[in-house]
Amino acid sequence: MPVSVSSAASAPAICPPLPVLGRDVTVPLVTGGEAVYAALDYAASAPALQRVWDDVAAYAPYYGSVHRGAGYLSQLSTDLFEKARATVAGFLDCRADDQVVFTRSTTDSLNLLAGALPAGCRVFVFETEHHAALLPWPEDAVTWLDAPRSPGEAVAALERALADRDPYGPALVCVTGASNVTGELWPVRELAAAAHAHGARIVLDAAQLAPHRPVSVRDLDVDWVAFSGHKLYAPFGAGVLAGRADWLGAAEPYLAGGGASRRVARRADGGVEVEWHDGAARHEAGSPNVIGAHAVASACQALTEAGFESLVAREEYLLRKVREGLAGLPQVRVLSLFGEDAPRVGVLSFVVDGWNGSHFAAALSAEYGIGVRDGLFCAHPLLRTLLDGAAGTSGTSQECGTPGTAGAVRVSFGAGTPEEHVDRFLRATRELLGNGSRWSYRTEGGRCVPVPGPAA
Ligand code: PLP
C-alpha cells in the first residue's frame, strides 16, 4: 500500500520498502550503544528479500538431486530447477529460442561467453566497465574503447571501432546497463543497434541494471544478458547467462564433467569419446545449484509482482534526496561520466575534500552503523578517469589509509532501503564534515579501522 513520506515538502507517495533479511539487525558503535544497520552497499551485494528466504525455506525440506535421481524429491527438484529457468526467461523477456544458463555470477557468465567466442571474434568493451566485463576476453581479441563523456559519444565511438575493425569478422560488444560506480544508465538499445548494424553481437552486463530496472532482451535487442543473484536479493550462489543458443551450442562445454555429457566411452585406441549435451546443460556440468536457481526465480517473481514502476519511483525519490543532500556540501564531489543530469540507478560515488575515502567509510560504519563501500570498485580504469584531479585522493589532515590507494566512497540502495537509512547517511555526512570524526582510526592492511574497535 502506498505511504506518504513526510520529510520533503514535495515528497510523492512512494511504496514502502520490500521486506529484506537483516532489516532489524543492530550493530555496535564505537561511540557506545547500537544502531540498526543501514545497508547502503546494495551494489556490492543486496540483502535477501524476505520473500526469497521464505521460498527457499519452503522448498528446502524437498531438496533433492537435480537431473539424476528417480526419487520423488529428485523429480520435484528437477521440475523446480527447470521452472526457475522459465521464470528467468520471462523476467528477461527472452526470445522463444534463447537459452538460460545458470552460472555462479555475472563474472562466471561473462567468462562462459568468453569461452564461446567463434574463431577470429573481436571483442569491444569500454574501459569504463567493471573488471568482470573487462578481463574475461582473450588479450589478443579485445579492444578497449576510451571512456565516453556522453551516451551519444559512446554510440559514435562504438560505431567507429566496429566499422574500422580489420578483418571485418565476427565481433562481440560487452556493455554494462548501469555503472557500478556512477549508477549512470548506458544507452544499451542504441549500442545494440550499432552493434547489429555492423554485424556484431552484444552482451549486456545487467549486474547493476536488473535489480533496478526491467530488462527486456527483445526490446533492448541484446544477444545475451548476464546478472548475479546476490545483487538481485537472492544471495544463494547463482547467476545467469541468457541469450542466443548458437554460439553456446557450438562451444566446448564451460566445465567438463557429468551433467554436460550425454555419452562417454573409451575408444579402442585408449582415448576418450564424449558426446556433449546441447542446450543449457552443456554449460552446467556438475550438480546444479537448485536452491540458488530457485532463489533467483523467486526474486524475479517478487520484483515483478512489486512492480518496477513503483520500485523505480521509490528509488528515484531516495536518489534525489541523496543528491540534493550532497549538493549542499561543497566538500563533496559526486562522480559522473555523463554529467549531472544523466539518468541513473540508486548507486552514487563521491569524494570528500580533506578525507581519504577509506577513513570516511570507516567513520560512517563505526560511528553511525552505516555500511557503504570505498575504493576503486573493481573498475580501476574508470576510477582513474573520474578521480583525475579530484579531492580526497592525496594526503590531507584526515589521512588514514595507505597513501596512493585512496578511492571514492560509494553509497547504493534499492528495493529494501528505508528512507531513514538515507536520512542517517546524510546526517552523518554533514556531521563528519562539520565536526570531523569522533574516534581515532589507523591504517591496517591498507584499510582504515577504528582504534579501539567497537565492543563486541
Ligand atoms: N558487472 C558489474 C557492473 C558489477 O557491478 C559487478 C559486481 O559488482 C559485476 C559485473 C560482477 O558481479 P559478480 O561479482 O557477482 O560476478
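For region 368-388, filtered to residues that are more than 16 Å from the chain's Cα centre (by Cα) and in a loop (DSSP other than H, G, I, E, B), the residue that is farthest from the ligand (Cβ to nearest atom) is Gly369.
Filter region 17-44 down to the residues that are surrounded by 15 or more Cβ atoms within 10 Å (Cβ to Cβ) and either within 16 Å of the ligand (Cβ to nearest atom) or without any contact (Cβ under 8 Å) to a residue 60 or more places away in the chain (or both) and list them by number. The answer is Leu21, Ala39, Leu40, Asp41, Tyr42, Ala43, Ala44. Quick one: in region 193-234, which of the residues that are in a loop (DSSP other than H, G, I, E, B) and away from the ligand (no atom under 15 Å from the Cβ) is most open to solvent (accessible area, probe 1.4 Å)? Step by step, filter region 193-234, then rank; the result is Pro214. Going by the structure shown, is Asp164 in the same structural domain as Ala245 (by TED's automatic domain parsing), more than 10 Å from the ligand (Cβ to nearest atom) and either at positive phi or out of contact with any helix residue (DSSP H, G or I) (no Cβ under 8 Å at 6 or more places or on another chain) (or both)? Considered against the rule, which asks whether it is in the same structural domain as Ala245 (by TED's automatic domain parsing), more than 10 Å from the ligand (Cβ to nearest atom) and either at positive phi or out of contact with any helix residue (DSSP H, G or I) (no Cβ under 8 Å at 6 or more places or on another chain) (or both), Asp164 comes out as yes. One residue is enough: does region 168-178 have a residue meeting the conditions over 21 Å from the mean Cα position of the chain (by Cα) and modelled with pLDDT under 95? For region 168-178, residues over 21 Å from the mean Cα position of the chain (by Cα) and modelled with pLDDT under 95: present. I'm checking my understanding of the structure. Among residues of region 167-185 that are touching a strand residue (DSSP E or B) at 6+ places or on another chain (Cβ under 6 Å) and open to solvent by 10 Å² or more (accessible area, probe 1.4 Å), which one is nearest to the ligand (Cβ to nearest atom)? My answer is Thr176. Could you pull out the residue among Asp164, Asp146 that is surrounded by fewer than 17 Cβ atoms within 10 Å (Cβ to Cβ), over 24 Å from the mean Cα position of the chain (by Cα) and of a type outside the set (Phe, Trp, Tyr)? Unique residue meeting the criteria: Asp164.
Checked against the criteria, Glu153 does not count as of a type in the set (D, E, K, R) and open to solvent by less than 10 Å² (accessible area, probe 1.4 Å).
Residues being under 29 Å from Gly249 (Cβ atoms), open to solvent by less than 60 Å² (accessible area, probe 1.4 Å) and assigned to a strand (DSSP E or B) are represented in region 125-135 by at least one member.
Residue under question is Asp341, and the condition is that it be open to solvent by 20 Å² or more (accessible area, probe 1.4 Å), more than 16 Å from the ligand (Cβ to nearest atom) and assigned by TED's automatic domain parsing to the domain that holds Asp55; does it hold? So Asp341 fails the test. Hey, does region 255-273 have a residue that's assigned to a strand (DSSP E or B), in contact with a Ser or Thr (Cβ under 8 Å, 6 or more places away or on another chain) and among the acidic types (Asp, Glu)? Looking through region 255-273, none of the residues is assigned to a strand (DSSP E or B), in contact with a Ser or Thr (Cβ under 8 Å, 6 or more places away or on another chain) and among the acidic types (Asp, Glu).
Only one of the numbered conditions (1) out of contact with any helix residue (DSSP H, G or I) (no Cβ under 8 Å at 6 or more places or on another chain); (2) in contact (Cβ under 8 Å) with a residue 12 or more places away in the chain is violated by Val125, and that is (1). Residues in region 100-122 that are more than 16 Å from the ligand (Cβ to nearest atom), open to solvent by less than 30 Å² (accessible area, probe 1.4 Å) and not aliphatic (A, V, I, L, M): how many? Going through region 100-122 one residue at a time, the tally reaches 1. Kindly indicate whether any position in region 285-300 is on the phi > 0 side of the Ramachandran plot, touching a residue at least 40 places away in the same chain (Cβ under 8 Å) and open to solvent by 20 Å² or more (accessible area, probe 1.4 Å). Checked region 285-300: no residue is on the phi > 0 side of the Ramachandran plot, touching a residue at least 40 places away in the same chain (Cβ under 8 Å) and open to solvent by 20 Å² or more (accessible area, probe 1.4 Å). Among residues of region 370-383 that are open to solvent by 20 Å² or more (accessible area, probe 1.4 Å), those with a Cβ under 9 angstrom from a residue that is of a type in the set (Val, Ile, Thr), sequence gap 6+ or separate chain, pair up as Val372/Val409; Val372/Val411; Arg373/Val409; Arg373/Val411; Asp374/Val409; Leu376/Val181; Leu376/Thr405; Pro381/Thr128.
Looking at the structure I just gave you, is Ala58 assigned to a loop (DSSP other than H, G, I, E, B) and either aliphatic (A, V, I, L, M) or within 16 Å of the ligand (Cβ to nearest atom) (or both)? Spelling it out, it is not the case that Ala58 is assigned to a loop (DSSP other than H, G, I, E, B) and either aliphatic (A, V, I, L, M) or within 16 Å of the ligand (Cβ to nearest atom) (or both). Among the residues of region 427-447, those that are open to solvent by 10 Å² or more (accessible area, probe 1.4 Å) and either touching a His at 6+ places or on another chain (Cβ under 7 Å) or not in a loop (DSSP other than H, G, I, E, B) (or both) comprise Arg427, Arg430, Glu431, Leu433, Gly434, Asn435, Ser440, Tyr441, Arg442, Thr443, Glu444, Arg447. From the list Phe350, Phe338, the lone residue that is part of a loop (DSSP other than H, G, I, E, B) and not polar (S, T, N, Q) is Phe338.
The values are calculated or read from the model by the stated rules, or taken from the named source; none is laboratory data. Since we're looking at a predicted model, the values are computed, not measured. Virtual Cβ from ideal backbone geometry, glycine too; neighbours counted across all protein chains shown. Quick note on the areas: whole protein, heavy atoms, side chains included, nothing else; ligands and nucleic acids left out. Shrake-Rupley method; radii C 1.70, N 1.55, O 1.52, S 1.80 Å.
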